[in-house]
Amino acid sequence: MEKSLEKMKYKSPAPLPREESERVFADGDPPEISETLIAAALNSEDRDWVERWIILLSQHSDVGVRKTTAVALGHLARLHGSVSTPALMAIQELRNDERTAGSASDALDDVHMFCRRN
């Protein structure tokens, strides 16, 4: 049992410089895009920049990348206490696809829990 738990340890993805992240977002393979987006959400001080990529990548052809956009928005909500309406709407759209609906709902729960009410 211990060996299987060791394999499940979480490893925070290392952030890349912005130019390198943008190259990955434009040309990377889906796992690389997902890892880079999570690293950006967890480490970038520029929430607007990350949200622009969340919005764009929420339309990606790969379902895993689309799910990751929801996870990234949840991280932004938790870390920054707010998210933009366009980013929120992009993730709300993911609820319309059964493959991404669970991730989108989890992210929206994070938004409701962590974001300030106006």
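The values are calculated or read from the model by the stated rules, or taken from the named source; none is laboratory data. Given the structure is predicted, the values throughout are model-derived calculations rather than measurements. All Cβ positions, glycine included, derive from the backbone under ideal geometry; neighbour counts span all protein chains shown. When the accessible area is computed, the model is the full protein with side chains, heavy atoms only, and any ligands, DNA or RNA have been set aside. Shrake-Rupley method; radii C 1.70, N 1.55, O 1.52, S 1.80 Å.
Observations, loosely collected:
- Accessible area of the chain belonging to carbon and sulfur atoms, whole % at 1.4 Å probe: 51
- A Cβ-based charge dipole, computed about the Cα centre of the chain with Lys and Arg at +1 and Asp and Glu at -1, lands at about 400 debye.
- Alpha carbon centroid spacing (whole Å) that separates the stretch 62-118 from the stretch 11-45: 17
- Estimated D of the stretch 75-114 in µm² per second, where Rh is the Kirkwood radius over Cα pairs and Stokes-Einstein applies at 10 °C, 1.306 mPa s: 158
- Base-10 log of normalised Debye intensity for the stretch 13-70 (one unit scatterer per alpha-carbon) at q = 0.21 Å⁻¹: -0.68
- Global form of the stretch 21-118, assessed from the alpha-carbon gyration tensor, a/c cut-off 1.5: oblate
- The sum of -39500 (n - 2.57) across all DSSP H runs of n ≥ 4, divided by the residue count of the chain, sets its helix-only mean residue ellipticity at 222 nm to -21500 deg cm²/dmol.
- Taking the Cα centre of the stretch 73-115 as reference, the dipole from Cβ charges on Lys and Arg (+1) and Asp and Glu (-1) amounts to some 120 debye.
- Accessible surface for the chain, divided over its residues, is 63 Å² per residue with a 1.4 Å probe.
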